[in-house]
Amino acid sequence: MSEFEPKIVAFFCNWCTFTAADLAGTSRLSYPPNIKIIRVMCSGMVDPKFVLKAFLNGADGVLVGGCWPGDCHYINGNFKARRRVALLTEILKQYGIDEERFWLRWIAASEGNMLKEVADLMTAKLRELGPSPLQQMGQMVG
Amino acid sequence: MSERIGFFICHCGINIAYRVRVKEVAEYAATFPGVVVAKDYLFMCSDPGQDLIEKDVKNFDLTRVVVASCSPRMHEKTFRAATQRAGLNPYKAFHMVSVREHSSWVTENEDQATAKAITIVRAGLMRVTNQSALTPSKFSVNPNTLILGGGIAGMQAALDIASSGNKAYLVERQPTVGGHMLQYDKTFPTLDCAACIGTPKMVAVGQEKNVILMTNSEVESVSGFIGNFKVAVNQRSRYVKSNCTGCSDCAKVCPVDFPNEWDVDTKMRKAIYISFPQAVPVRYVIDKKDRGPCVQTCPAGINIQGFVALIKVGKPAEALKLIMEKMPLPGSLGRICPAPCETECRRKEVDNPLAICQLKRFAADSVDWATLPVPTIEVKPESEKVAIIGAGPAGLSAAYFLALKGYHPTIFEKAPFAGGMLRFGIPDYRLPPAILEQEVNYIKRLGVDIQLGAGIGKDRPVGSLFAEGFKAIYLATGAWKSRKMNIPGEDAEGVMHGIDYLNLLNLKKPVKTGKRVVVVGGGDVAIDAAREALRQGAAEVKMVYRRSRDEMPAVKHEIQSAEDEGIKIDLLVNPIAVLTEDGKLTGLRCIKMALGEPDESGRRRPVPVEGSEFDIPCDMMIPAIGQQVNPAFLEGTTGVELTRWGTVAANALTYQTSVPGIFAGGDMFTGPSIAVEAVAAGQQAAISIEKFLLGEELTENRPVKPKGTDWKPIPKKPFVASRTKMPTLPVADRIGNYKEIETGFTVEQAQTEASRCVDCGGCCECKLCLDQCKAGAIDHDMTDKQETIDVGSIIVATGFDPMNPSKMSQYGYGKYRNVFTNIEFERLSNATGPTSGKLRKRDLKDPMKFTDAPKSVAILHCIGSRDQNHHEYCSRTCCMYALKYAHLLKDKCGHDTEIYNFYIDMRCFGKGYEEFYKKVQAEGVKMIRGKVGLITEDANGILTVKGEDTLSNRLVEIQVEMVILCTAMEARPDASDVMRKFGIGIGSDGFFQEEHPKLAPVSTPTSGVFLAGACQGPKDIPDTVAQAKGAAAECLALSSAGVVEVPPMISSIDRDICVGCQLCIGLCAYTAIEFNQYAGISEVNTAICKGCGSCAGACPSGAAKVRHFTDKQIFAEIDGILLN
Ligand code: FES
């Protein structure tokens, strides 16, 4: 177990969660390096293809971060993300991807500590779950 | 063409390099396909750093540039500009990777940090070659600015903008500009008075033609983008027009008082008021809420709050006038109305509801009806005649309202007296006939012709009245037929129905009353009949009612009176047979009942208890279980339809029957009901009849019933008086006569009772102010005004709220009279405050009264600030104003006043602040370093303050006469609403977040929206003004640039791929996508699209994309991150 380090792709909206990640940095809150952030403008922009692609390419987990309901910079993009994530979670299950590998979290710009917490928790969880069952397949396809 | 990539990594001094081995990252990048140069540098964002990039682009002929440094939110713009200067399209050629915020600062281990940096750099290198050229669109900038908040920050910004010649729309929620600063007295450290330096600013914003002042207003929504915002503003109705001169005549007559918000409730104001004498605009405002629950409940819609307020201030005649706007029988109904309004009265939340009905009676009894002036009526031509059948409350009311409108109503009444059920159904000791008569006479004086003994029926059918020249007919004959009990023996001699019994007595006809009387029923008629029987000489009167006492429909105090007079009430008892001997009544067989499940009326249905039958011997029985309509008067009339309950069928809104021109109302429409319902029906019928006569649509433009529950809060003041008891005749004096039992309130009683009103509706609409206002500026019907304003920039300057310390119970605020908050103290010290600037203690009994100067005062710093349990931050102003208070106390109350300052640390950081501190210390103010743990109060109001002195490490306990709590500045409770409307962020302290804590102190994430003042964080006046000027400068810079570039990262839909499913159209929050019917595809309106990508995320065909966030680009990043 100790050898396995999960790879996590994180899609963070520019206005809240990406800013929270900046704040975690400015506040020098350290968290596991497993999380690699891709900046998107809004969580509502996260196309299911992005998530599938990440899993197929060997990600052990995918994290989508957006503003709290009601706080989306684009009025309600995060609601769309929420609906989409719910659906996608179901589809992913069909392919053997546990719902614990695909997280959606609301993290506001001021919640640097929350970002750290989520990063800690998710990494720990994935360490527990072990490598994604799709990795092999992904390599075949990719 | 093969790509030539340049890679540049920044050390950021040591911020990156201390954890990420930058050289190693650069070396890695150098090996990456396409990278021709990879360098590291100490400060990439510096001029030489940018220079380095520009030169390398040229020297190495680079096509792409990747910079690994801080967050793109910080320096993306900087490097994009550098790339552009080097001749490349920055969107295509440049990408930035955050190795500081996302790696060096958040990773503990150097190897891990370096590895992570390499991974994300790789993702960046892979992404950059997939980027395409984009050009930002340019839009012209509207030069005007909207400023939200009219405190010192907003006023300053508005003036600065106005002085440039551009327009500043200043939107303030309160009725005046000024904000907290103008509530203060002196300002530290210079001690110039806030009013002296603040009011000129207020006057200036009021007069400057380029400042468009919108007070009492709120922003509803914001749309658009930098340079081109559309802001919807709701100007709440002020009910006073702009020609108000501020003379205050209106306030002098206004009968209702409220605590003045501006004085933080230390002083009262009227419902029509200005916050303080220097308010800008100097234009009164009426504090009007939804009409009170009483007004909403009254079927006739009487302005109850209004007439009660008028009685309170000793104006009963005016009160009566107000009542009679809606109801012509105030003295009669003031005696017998069951007052549904009182059930809703919110005073019951304190103790008991107001005695509304009895106050109405008081108003009616306080005038001489014979000489009561008749209003001037615009009389219509003789031919405008209306026939009204029945002179009961409905008929009288319809006639009254029609006469007021100038019509000529004639009432046909078959009885020898007018009044209907009021006259015949109610005993004289409750409603003396003289009272009813004076009201009927008054109605006659308005021009109503009442023909008594003139029955309508077989000989003179309803329909024939049209032929007699009446243009409309109102049927209001009531419900006079007593309902049968349907039990055996009901027709025996000795049984007389309640309504017939009362009727005969009122007609002074001979009636034989028995010795032992049983009344069946629990309503008003039953009670009245029982009490009449007693007066008619019955030796014993008993009532039987089949439900419990709570369910008795009779007026409660009438039930009480009946019992007082000796009437027995048998509850849960139902008669099942009348016992007779030779056709004569001998008794009543009853059965006991028990309460079962609730029935459709919500009351629990009584069910008989088997085997519990018993007999009550009696020689008279009076059933009074309800009445029905007797349709006899309709004989000879065709076309008027009845319902299956035998009532007349009519439209519930217009009261028109099935025959046009014939209207119906009162009991004959509703079935037996209360008099005030009948009055209301008459009122509505009058409206319909007028519309009918004018040929208007009956259903249109009818007055709407007030509704809503936005009421004034129940005042906090201590309540002394509880409901005034109506004086009554002693029981001994009642028997055997018909003297009125309730004798009416005295003037004092009425005024005390009226003053119990909690004034739910704010303004009571007594309209006294209307007559006072010489300018004619008052308009009670004014409505809110919505306006959409186009501006190029916005400044949010919504300020702060002082924290309410009542939740910190150890300080006793709100409980101990002489524990003040800082703002209360400011108002005390201010010349326009409750004590005209004198520093006084509160009266221990009446919080609105002030007594003498305190001899000793404790000033407690940091209340709610620097406190884990409340706000961690320092409020930055408390130390200084606390010193100011100490000085003011010494100055105004004498130098022997003992003053203790409990502080944590003294923070006197500004210009002249430390000097001020020294000066105040020299005045002999005691400084104790430590927090106060507890305050207690003794019987004389002396406060004991217990705390610690951390310098000498001991506990201190001092006695003082006054405590001032220096409360925290906190974010406004509705900050998150403002945040959403304007697209700005909120920090963990609750205040609005600036874009960068040091370098962008007035900007927000939404370009074109700026911050100023304490809404961004606690600050003092100089800092606030400085920030306001900064925000104004940002707006002016934008205006003078004239054009803005809008980021080109918006959506596009590929025409060749789109299948026209229109899924995206429903998802777009900005309605930026339209369907092109001819091409069968969806299209993006680029001027509206904000680039959120909701469409791209959902597009099933992949036609919708957000530029700069395309599948290819994101996929490349994913590839880069996950490559092994
Ligand atoms: S902008 Fe953060 S979720 Fe939409």
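With the helix formula -39500 (n - 2.57) applied to DSSP H stretches of n ≥ 4, the protein assembly as shown reaches a computed 222 nm mean residue ellipticity of -9000 deg cm²/dmol.
Once backbone amide H atoms are built at 1.01 Å from N, B:Ile964 has B:Phe820, B:Ala858, B:Ile859, B:Leu860 as its partners under 5 Å, excluding neighbours fewer than 5 places away on the same chain.
Which shape class applies to the stretch B:493-623: rounded if a/c is under 1.5, otherwise prolate when a/b exceeds b/c and oblate if not, where a ≥ b ≥ c are the square roots of the Cα gyration tensor eigenvalues? Oblate, because a/c is 1.5 or more while a/b does not exceed b/c.
Which lysines, on any chain, are close to B:Lys481 with Cα under 18 Å apart, when same-chain ones fewer than 8 places away are left out? Straight-line reach from B:Lys481, under 18 Å: B:Lys414.
Pairs of Cα atoms in the stretch A:8-129 fall into 10 Å distance bins, from 0 up to the last occupied one, in shares of 15, 48, 33, 4, 0 percent.
Leaving ligands and nucleic acids aside, the A/B contact buries around 4100 square angstrom of accessible area in total at a 1.4 Å probe radius. One chain, two ends: B:Arg604 and B:Ala81. Fully extended at 0.36 nm per residue, the span grows by 180.2 nm beyond their Cα-Cα distance.
May I ask you to derive the FRET efficiency for B:His996 and B:Asp1111 from their Cβ-Cβ distance with R0 = 45 Å, giving the value to the nearest 0.05? The calculated FRET efficiency here is 0.90. A straight Cα-to-Cα reach below 22 Å connects B:Lys725 with the lysines B:Lys312, B:Lys315, B:Lys348, B:Lys360, B:Lys556, B:Lys739, residues fewer than 8 places away in its own chain not being considered.
Amide H contacts of B:Val659: B:Glu641, each under 5 Å away and 5 or more positions distant or on a separate chain (H built 1.01 Å from N in the peptide plane; Pro and chain starts excluded).
For chain A, the membrane-span-like helix rule (DSSP H, alpha carbon extent of at least 20 Å along the helix axis, mean Kyte-Doolittle at least -1.0) picks out A:77-94, A:112-129; this says nothing about an actual membrane.
Quick check: from the Cα gyration tensor, does the stretch B:1-149 come out rounded (a/c under 1.5), prolate or oblate? Note, shape of the stretch B:1-149 comes out oblate. Highest average first, the peptides A:49-55, B:805-811 ordered by how many other beta carbon atoms sit within 10 Å of their residues are A:49-55, B:805-811. From the Kirkwood radius over Cα pairs of chain B, Stokes-Einstein at 4 °C and 1.567 mPa s returns a whole-number translational diffusion coefficient of 35 µm²/s.
Remark: the stretch B:493-623 carries 46 Å² of accessible area per residue (probe radius 1.4 Å; ligands, DNA and RNA excluded). The dipole here belongs to the stretch B:802-970: it is taken about the Cα centre, uses +1 on the Cβ of Lys and Arg and -1 on the Cβ of Asp and Glu, and is about 240 debye. Kindly identify the protein assembly as shown as rounded, prolate or oblate by the Cα gyration tensor criterion: order the square roots of the eigenvalues as a ≥ b ≥ c, call it rounded if a/c is under 1.5, otherwise compare a/b with b/c, prolate if a/b is larger, else oblate. Prolate, because a/c is 1.5 or more and a/b exceeds b/c.
For the stretch B:849-921 versus the stretch B:1016-1067, the spacing of their alpha-carbon centroids is 43 Å. Taken residue by residue and averaged, Cβ atoms of other chains lying within 10 Å of the Cβ of B:1085-1096 number 5. Against chain B, whose longest principal axis comes from its Cα atoms, helix B:194-207 is set at around 80 degrees. Principal-axis analysis of the Cα atoms of chain B puts helix B:913-922 at an angle of about 60° to the longest axis.
In terms of packing, defined here as the mean over residues of other Cβ atoms within 10 angstrom, the peptides B:1080-1086, B:656-662 line up highest first as B:656-662, B:1080-1086. Across peptide B:104-117, the average count of Cβ atoms from other chains found within 10 Å of a residue's Cβ is 4. Shielding value for A:53-64 is 3, the average number of Cβ atoms from other chains within 10 Å of each residue's Cβ. Separation of the stretch B:972-1002 from the stretch B:394-421 is 66 Å, based on Cα centroids. The Cα center of the stretch B:560-618 and the Cα center of the stretch B:359-391 differ in position by 44 Å. If R0 is 41 Å, the Cβ-Cβ spacing of B:Arg483 and B:Glu220 corresponds to a FRET efficiency of close to 0.15. Backbone phi angles across the stretch B:609-620, fed through the Karplus curve with coefficients 6.51, -1.76 and 1.60 (θ = phi - 60°), yield HN-Hα couplings of 8, 4, x, 9, 4, 8, 10, 10, x, 6, 10, 8 Hz in residue order; Gly and Pro are listed as x. Spatially close Lys pairs in the stretch B:849-977, defined by Cα atoms under 20 Å apart and a spacing of eight or more places or different chains, total 22. If you keep only loop residues by DSSP, which chymotrypsin sites (Phe, Trp or Tyr not before Pro) in the stretch B:946-1017 have at most 11 other Cβ atoms within 10 Å of their Cβ? Counting only loop positions with at most 11 other Cβ atoms within 10 Å, none of the chymotrypsin sites (Phe, Trp or Tyr not before Pro) in the stretch B:946-1017 qualifies.
With a simple spin-label model that places each label point 7 Å from the Cα along the Cα-to-Cβ direction, the separation between B:Glu565 and B:Lys458 comes to 3.8 nm. The H on the amide N of B:Phe94, modeled in the peptide plane, is under 5 Å from the matching H of B:Val65, each at least 5 residues off or on a different chain.
Helix B:393-404 versus the longest principal axis of chain B: what angle, 0 to 90°, nearest 10, using Cα atoms? That helix lies at roughly 70 degrees to the long axis. Taken over the stretch A:8-129, lysine pairs spaced eight or more positions apart, or on distinct chains, with alpha carbons under 21 Å apart number 11.
Here B:Lys241 is the anchor, and the lysines within straight C-alpha reach of less than 24 Å, apart from those fewer than 8 places off in the same chain, are B:Lys167, B:Lys201, B:Lys209, B:Lys252, B:Lys270, B:Lys288, B:Lys289, B:Lys712, B:Lys767, B:Lys774, B:Lys785.
Sorting B:112-125, B:721-734 by their mean Cβ neighbour count within 10 Å, with the most densely packed peptide first, gives B:112-125, B:721-734.
The values are calculated or read from the model by the stated rules, or taken from the named source; none is laboratory data. All figures in this text were calculated on a predicted structure; none of them were measured in a lab. We place every Cβ from the backbone using ideal geometry, glycine too, and count neighbours over all the protein chains shown. What goes into the accessible areas is simple: the full protein's heavy atoms, side chains included, and nothing from ligands, DNA or RNA. Shrake-Rupley method; radii C 1.70, N 1.55, O 1.52, S 1.80 Å.
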